[in-house]
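Following: one structure in structure tokens, then a few remarks.
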Amino acid sequence: MIAAQNCVVAASSYGIGSCYIGDVVENCEKVRKRLHLPEGVMPAGMVVFGYPTDRQKQRVKPARSPLSGVVVENTYPTMDHEYRKKLFEPKAGQRSYEEWISMMCQRKHNAEFFVEMNRSILEYMKYYGVRQD
Ligand SMILES: Cc1cc2nc3c(=O)[nH]c(=O)nc-3n(C[C@H](O)[C@H](O)[C@H](O)COP(=O)(O)O)c2cc1C
């Protein structure tokens, strides 16, 4: 992931855009075959590169969470309701925080790809004796 991030930064300096693809951990059987992965090897991530279109360059970037909520020092904070609200409220835009978080939950955690992601990672982990339940 360190190498990937170096590539992303270097590419950006040449005007080349990138996108991390965490979805590469899904469909382990197909990915293993396509990439000739030996037993015990799991892709941690994938990055794709390309020249962004003018529309992409002009895209208004989504609101970011405050840095204080993303970078923590020494100890991990207790992520209670209030903390999470402060962290994600800027992303909710016109919606209420509750509406936004429940929409994101549907789109990510409750989505089919998430079930597949969990299944696929467990399949990779079998090699290391990780329990499947
Ligand atoms: C660890 C990680 C994994 C990601 N995996 C995917 C992915 O599988 N598919 C995808 O379309 N984008 C993926 N992204 C890109 C995000 O969806 C998002 O577009 C990117 O982080 C830029 O954020 P922004 O749209 O808020 O500028 C990933 C980003 C990160 C950091």
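Bear in mind that the values in this text are calculations on the coordinates, not laboratory data. The shown structure was predicted, so the numbers you read here are calculated from the model rather than taken from an experiment. Here Cβ is always computed from backbone atoms with ideal geometry, including for glycine, and neighbour counts include all displayed protein chains.
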Check: Cβ-Cβ below 8 Å, separation at least six or inter-chain, first residue in region 51-70 and of a type outside the set (G, A, S), second within 12 Å of the ligand (Cβ to nearest atom): which pairs?
Finding: Y51/G17; P52/G17; Q56/G17; P62/K91; R64/P90; R64/K91; P66/P90
Item checked: Test result for A11, in contact with a Pro (Cβ under 7 Å, 6 or more places away or on another chain) and either aliphatic (A, V, I, L, M) or more than 13 Å from the ligand (Cβ to nearest atom) (or both) -> no
Next item on the list: Mind listing whichever residues of region 49-92 are within 15 Å of the ligand (Cβ to nearest atom), basic (K, R) and touching a Phe, Trp or Tyr at 6+ places or on another chain (Cβ under 7 Å)?
Entry: K91
Notebook entry, point to check: Pairs, please: C-beta under 6 Å, at least 6 apart or cross-chain, first residue of a type in the set (V, I, T) and in region 1-24, second within 14 Å of the ligand (Cβ to nearest atom) and assigned to a loop (DSSP other than H, G, I, E, B)?
Noted result: I21/M46; V24/P43; V24/M46
Next item on the list: Give the residues of region 22-48 that are within 11 Å of the ligand (Cβ to nearest atom) and over 12 Å from M1 (Cα atoms), sorted by residue number.
Entry: D23, V24, V25, E26, V48
Notebook entry, point to check: Can you name the residue in region 24-64 that is touching an Asp or Glu at 6+ places or on another chain (Cβ under 8 Å) and part of a helix (DSSP H, G or I) and, of all such residues, is surrounded by the fewest Cβ atoms within 10 Å (Cβ to Cβ)?
Noted result: E29
Notebook entry, point to check: Out of region 1-23, which residues are exposed (fewer than 14 other Cβ atoms within 10 Å of the Cβ) and assigned to a loop (DSSP other than H, G, I, E, B)?
Noted result: M1, Y14, G15, I21
Notebook entry, point to check: Of the residues Y83, Y124, which is touching a Cys at 6+ places or on another chain (Cβ under 7 Å) and assigned to a helix (DSSP H, G or I)?
Noted result: Y124
Check: Within region 97-133, can you find the residues that are among the small types (G, A, S), surrounded by 11 or more Cβ atoms within 10 Å (Cβ to Cβ) and more than 17 Å from the chain's Cα centre (by Cα)?
Finding: S102
